[in-house]
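Reviewing the structure listed below.
The values are calculated or read from the model by the stated rules, or taken from the named source; none is laboratory data. This structure is a prediction, so every number in the text was calculated from the model and none was measured. Backbone-built Cβ (ideal geometry, glycine too); neighbour counts: all protein chains shown. SASA here: full protein model, heavy atoms, side chains in, ligands and nucleic acids out. Shrake-Rupley method; radii C 1.70, N 1.55, O 1.52, S 1.80 Å.
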Amino acid sequence: PQLLEAKLARAAIAIAEGETAQALAQLDAILADAPNNGEAWWLKGQVLLLQAKPEAARAAFDQSIAHSNVAFVDRIARAMINLQLADYEAAQSDATYLLKLSPEHPMANYVQGLLDFQNQQYRTAITHLTLAEPVAPQFPKALYYLAGAHLNERNLDLAEKFGQQYVALAPDDAAGRKLLASVLVLQGKVKDARAALQPVVDNNPDDVAALNILANALLLDDQADTGMAIYARIRQLQPDWRIAPLRLPASLVQREPAAGNPSSAASGETGANSPQTEILLILDALAQQDFEAAIKTAKDYQFRELQSLAPVSYTHLT
């Protein structure tokens, strides 16, 4: 009963059975007698992660690394926590060490790829996240950020490929569906985009980002009335919201790798709008009741698009 290995095994069994409080008590007792035992600190870090205590878990992994010869897995765990806590400098330190030991290790490249994405270094993010693909079944976000990196590099076919793979692995993730739908809209695949978005809107009818993408898709699909109704709905939800064209930006992908919240900020780009900027300018002018500006924009649009019915419709509407 006093054998250290037996005590560690008992604590590991408690963790596997979900008895985190019991496991933590056992590990604290072990560490009271053997404070330099790296395995005990590692197990404690695992327990604290299960208890949603990332900062305490990181402190435990600090100890497990300090008392182990290599601690490769420990550093991966700590790097992931550092990402979750937005401590990117510490995460980069771990990633550099891991890649030095094993340049092609999928998890080491996963951490580095997330850091590259965070720093808007999309080409290097693609390199690292491609090497991280083998861990996608356990860490699907590797595909999400790979899709986002390709999107920001204007590789729309690859962005769609990895976006589809991510949605297949994580069909309930709204951020993934919105990213995929954005890519599909930018490719002109508006019906596929609407299909990708529908579960998001069904689950949360007030998701402004999803509604904006959906409205863009409807405008491209010659369903301007429905698109305008959605814009009106967005304005009800956010009165200070301004109609904006869907862009080809970094902002379509959430910035913080572990935060889990997609950014809805505009990118500031002006050369990759979809659908036509004029339509959205007209709608926005109408919403602001600036009818003179709406009529002028509609007539300018009609003059440039002589073969299209859309500008005629908007001219009569205004």
Checklist entry - Among residues other than ALA108 whose Cβ falls under 12 Å from its Cβ, what is the net charge (Lys/Arg +1, Asp/Glu -1)? => result 0
Next on the checklist: Quick check on segment 87-152: what does the Kirkwood estimate of hydrodynamic radius come out to from the alpha carbon pairs, in Å?
Outcome noted: 11.3 Å
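Under the rule a/c < 1.5 gives rounded, and otherwise a/b versus b/c splits prolate from oblate, where does segment 41-116 land using the Cα gyration tensor?
Oblate, since a/c reaches 1.5 and b/c is not below a/b.
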Next on the checklist: Students sometimes get this wrong: rank HIS67, HIS128 by accessible area, probe 1.4 Å, all chains present, largest first.
Outcome noted: HIS67, HIS128
Item to check | Alpha-carbon radius of gyration plus Dmax, which is the widest Cα pair, for segment 1-60 in Å | outcome: 10.5, 32
Checklist outcome for this item: Here segment 133-215 gives, from Cα atoms, an Rg and Dmax in Å of 12.0, 36
Item to check | Kirkwood estimate for segment 27-82, i.e. one over the average of 1/r between Cα atoms, Å | outcome: 10.8 Å
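Taking Rh as the Kirkwood radius, which is the inverse of the mean 1/r over Cα pairs, what is the Rg/Rh value for segment 1-135?
1.04
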Next on the checklist: Quick one: 3J(HN,Hα) in Hz for segment 209-225, Karplus 6.51/-1.76/1.60 with θ = phi - 60°, rounded, Gly and Pro as x.
Outcome noted: 4, 5, 5, 5, 5, 4, 4, 4, 4, 5, 4, 5, 9, 6, 10, 5, 4
Item to check | Whole-Å semi-axes of the ellipsoid equivalent to segment 76-222 (Cα gyration tensor, √5λ, descending) | outcome: 31, 15, 12
